Amino acid sequence: MGRVEHRTRGADPQRRAGAPGFFATTLPGLGRLLRQEIASHPDLEPVDEFGNDGRADIVCFRMHRGAQPDFATLRLAEDVFVTLAYTTSGPPGASSTP
């Protein structure tokens, strides 16, 4: 049986074990305001500056361990998604293979 190599947790300082990742979408032009709204929430912490995928502004954030925020209180967010996987390698648009 071959040896299995595991990645070291915490290699990326923006990611920490046990802190769920999320991203929220909003109308183009409202990303900065949504990021400010998330930053002012006592249980949430923005990860980066906001981005845009061509259709919506996107704000990545995490919630503090043990918190149970009601995402409906984010008035500027159209949708909120949980991040199930995260990658930083490979060409853009090629984060998965068939």
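With the Cα gyration tensor of the stretch 21-82 in hand, convert its eigenvalues to equivalent ellipsoid semi-axes via √(5λ) and list them largest first in whole Å.
Whole-Å semi-axes of the equivalent ellipsoid: 18, 11, 10.
Label points 7 Å out from Cα along the Cβ direction at Glu78 and Asp43: separation in nm?
For the pair Glu78/Asp43, the computed spacing is 2.5 nm.
For labels at Ala67 and Asn52 in the simple 7 Å Cα→Cβ model, what's the distance in nm?
Modelled inter-label distance: 2.7 nm.
Please give the peptides 49-61, 22-34, 69-81 ranked by average Cβ packing (other Cβ atoms within 10 Å per residue), highest first, as a rough proxy for protection.
Highest to lowest by the protection proxy: 22-34, 49-61, 69-81.
Bear in mind these aren't lab numbers, they're just calculated from the coordinates by the rules spelled out. Keep in mind it's a predicted model, so treat the numbers as computed, not measured. All Cβ positions, glycine included, derive from the backbone under ideal geometry; neighbour counts span all protein chains shown.
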